[in-house]
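Undergrad: Handing you this structure, nothing more for now.
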Amino acid sequence: MRYSILCLLLLLLSCAEEQKQDRQTDEETGTSMYKESHRPQFHFSPDENWMNDPNGLVYHDGVYHLFYQYYPEDIVWGPMHWGHAVSKDLLHWEHKPVSLYPDELGYIFSGSAVYDKDNTSGLGTADNPPLVAVFTYHDPEKEKTGSNDHQTQGIAYSVDGGESWEKYEGNPVIGNEGIRDFRDPKVFWHDETEKWIMLLVAGDRLMIYNSDDLISWNFLSEFGKDRGAHGGVWECPDLFPLKVEPSGETKWVLLISINPGGPNGGSATQYFVGDFDGTAFTSEQQDIKWVDHGADNYAGVTYNHTPDGKRIFIGWMSNWNYAQKTPTQPWRSAMTLPRELSLERPADTYLLKGNPVDNLSDLYKDDGRNIPGPVSDTLVNINGALFDLRFSTTSDHLRFALVNDQNERMVFEFDRSRKEFLIDRSQSGNADFDEQFAQTPHSMPMPVLQDTTEIRLVSDWSSVELFIDGGRFMMTEQMFPNVPFSDLRVESGEIHDLRINLINRIWGDE
């Protein structure tokens, strides 16, 4: 009997290895990879297994690096590694081997990466400066004892452009004196003080440090004890300057993800607008502002060292309420489209805007189709499952839906008098894998409206990303239709200037 079981185990291992080789062959030949049910076709997703937060977003030597929280053994959360992918255009991605593995100090939680061009760390040379990754160590054994010092900060470095990484022998570089949730370092260079700045979240507030060398860190200040949303633990901070439209003044934007406590349940990312002097972040903002009011944009951070200075954001396209139950195999979860962020001040309030990177149009299949309109009470065939729709409306009430031939529908509703936008995914296909996924319509307030409202909807097989009024208002939602949506139904109100662009898939062949 033992022999038979051993043979069976060996056979199963052999089959698993063959499947892995088959997937590798598919990736090399581009014949059938990434065509599983619900697989995103132009968003980044891991080839297999679990993924969550984007990490270490850095541009270096013509390449955009995307690291991410990854568990390579299962499609649910487990001991965290840093997965790795690279791109030259932020659209087409190449998978790389896992970059950082757990070790005796713990799992590798979220963090950031920088190019240490002056070799301040001494981890490279003047002729070959390093990339430096800064991350949280999470010690599960310490956590089991009830200790609150189980999260510390470590660094690793690469002198071959991110292909391989060496952990710093003196880790951790920041210890922990008893803060239970003490993680997610975001590091950037601050020109005015000529220092490296590190942001860390500690429970429900931000802590700021600086350093000359990325190794020795000095505590400077904290922010947020009495500001913003505090319905859950703060995570994944980011801080960066943006010029305000149209005045041209410079303000600093602080991103803080929170779980739970989002505007539509579960996880979401808030932002603050204020000032940073190299020591402290200050803000007069009293209200709570959200980067995205959809249910599925979390832990988003921005790229360091972009070649043109643009502030490019990527978020994890899921929600901790149900992230480990979404109906996908052999992978789980995806990233949002890369978005360029900007800052506007209409009607005495600052609004963080986001739009897909301009070169998304490089994925368009052709010049598109224009329908001047008005379009009302009708079905428009999109003629494809991957698309970018743009249209405008002056209606007081607009209701439209994405539909397929199985009577599945993703419903959108705009009410001008209530200054509100709603998304209902209760009939969007497979929506009962968790009761929180489609429990109620998700809502977004729109406090600043124009007479004509512009709506852009980018749809992949299992997601929609909405950008309204030039990106002033954003919603990101997953959906799992059994057949991709390929029709637009306008049910009330009317739309004008409808433009339809079909999108090519980025993985392998068409």
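Undergrad: With runs of 4+ DSSP H residues as the only contributors, calculate the mean residue ellipticity of the chain at 222 nm using -39,500 (n - 2.57) per run, divided by the residue total and rounded to the nearest 500.
TA: Theoretical 222 nm ellipticity from helices: -2000 deg cm²/dmol.
Undergrad: State to the nearest 20 debye the size of the charge dipole of the stretch 367-502 about its Cα centre, where the only charges are +1 on K and R beta carbons and -1 on D and E beta carbons.
TA: That gives a dipole near 260 debye.
Undergrad: Would you mind ranking 87, 45 by Cβ crowding within 10 Å, fewest neighbours first?
TA: Final ranking by Cβ density, sparse to dense: 87, 45.
Undergrad: Evaluate the distance, in nm, between pseudo-label points positioned 7 Å from the Cα of residue 452 and of residue 499 along their respective Cα→Cβ axes.
TA: Going by the 7 Å Cα→Cβ label model, 1.2 nm.
Undergrad: Sort the stretch 82-177 into rounded, prolate or oblate with this rule: let a ≥ b ≥ c be the square roots of the eigenvalues of the Cα gyration tensor; rounded if a/c is under 1.5, and if a/c is not under 1.5, prolate when a/b is larger than b/c, oblate otherwise.
TA: Because a/c hits 1.5 or more and a/b fails to exceed b/c, the stretch 82-177 counts as oblate.
Undergrad: Can you sort 139, 296, 213 so the residue with the fewest Cβ neighbours within 10 Å comes first?
TA: Result, fewest neighbours first: 213, 139, 296.
Undergrad: Quote the charge dipole size of the chain about the Cα centre in Debye, to the nearest 20; the model charges only the Cβ of Lys and Arg (+1) and of Asp and Glu (-1).
TA: Numbers: 42 positive and 81 negative charges, 164 e Å.
For this selection, approximately 780 debye.
Undergrad: Please give the net charge around residue 149, taking every other residue with its beta carbon less than 14 angstrom from that of residue 149, where Lys and Arg add +1 and Asp and Glu add -1.
TA: My count for the surroundings of residue 149 gives -1.
Undergrad: What full-extension length gain, to one decimal in nm, is calculated for residue 213 and residue 125 as 0.36 nm per residue of separation minus the Cα-Cα distance?
TA: Answer, rounded to one decimal: 30.3 nm.
Undergrad: Summing +1 for each Lys or Arg and -1 for each Asp or Glu, what net charge is found among the other residues whose Cβ lies under 13 Å from the Cβ of residue 449?
TA: -2
Undergrad: Count neighbours as other Cβ atoms within 10 Å of each site's Cβ, and list the GluC sites (Glu not before Pro) in the stretch 329-436 that are DSSP loop with at most 12 such neighbours.
TA: 435
Undergrad: Each label point is 7 Å from the Cα along the Cα-to-Cβ direction; what then is the distance between the points at residue 359 and residue 95, in nm?
TA: The answer from the label model is 2.3 nm.
Undergrad: Another question, then. Would you mind computing, in nm to one decimal, how far apart the modelled labels at residue 191 and residue 439 are, each placed 7 Å from Cα along Cα→Cβ?
TA: 4.7
Undergrad: Greater than 31 Å separation of Cα atoms is the criterion. Which listed pairs, 96/117; 251/365; 144/353, meet it? Show your work: numbers first, answer last.
TA: Numbers: 96/117 23 Å; 251/365 38 Å; 144/353 42 Å.
From the list (96/117; 251/365; 144/353), the Cα-Cα distance tops 31 Å for 251/365; 144/353.
Undergrad: Can you tally the net charge around residue 165? Count Lys and Arg as +1, Asp and Glu as -1, for every other residue whose Cβ sits under 15 Å from the Cβ of residue 165.
TA: Counting the neighbours of residue 165, the net charge comes to -4.
Undergrad: Something else about it: Taking 22 Å as R0, compute the FRET efficiency from the Cβ-Cβ separation of residue 177 and residue 282 and round it to 0.05.
TA: On the way: r = 25 Å, r/R0 = 1.15.
It comes to 0.30.
Undergrad: Which is farthest toward the positive dipole end of the stretch 46-353 among 347, 317, 69, measuring Cα position about the Cα centre, with Cβ charges +1 (Lys, Arg) and -1 (Asp, Glu)?
TA: Going by the Cα projections, it comes out as 347.
Undergrad: Oh, and also: For the stretch 389-406, take each phi angle, set θ = phi - 60°, evaluate the Karplus expression 6.51 cos²θ - 1.76 cosθ + 1.60, and give the result in whole Hz per residue in order, putting x for glycine and proline.
TA: Once rounded to whole Hz, the list reads 9, 9, 7, 10, 8, 10, 5, 6, 9, 10, 10, 9, 8, 8, 9, 9, 7, 10.
Undergrad: So if we plug the beta-carbon distance of residue 36 and residue 88 into 1/(1 + (r/R0)^6) with R0 = 35 Å, what FRET efficiency do we get, rounded to 0.05?
TA: It comes out at approximately 0.85.
Undergrad: Normalized C-alpha radius of gyration of the stretch 367-502, against 2.2 N^0.38 Å?
TA: So the Cα radius of gyration is 0.98 times the expected 2.2 N^0.38 Å.
Read the figures in this text as sums done on the coordinates, not as results from a lab. It should be emphasised that the depicted structure is a prediction, and the values quoted were computed from it without experimental measurement. Cβ sites come from the backbone with ideal geometry, for glycine too, and all protein chains shown count toward neighbours.
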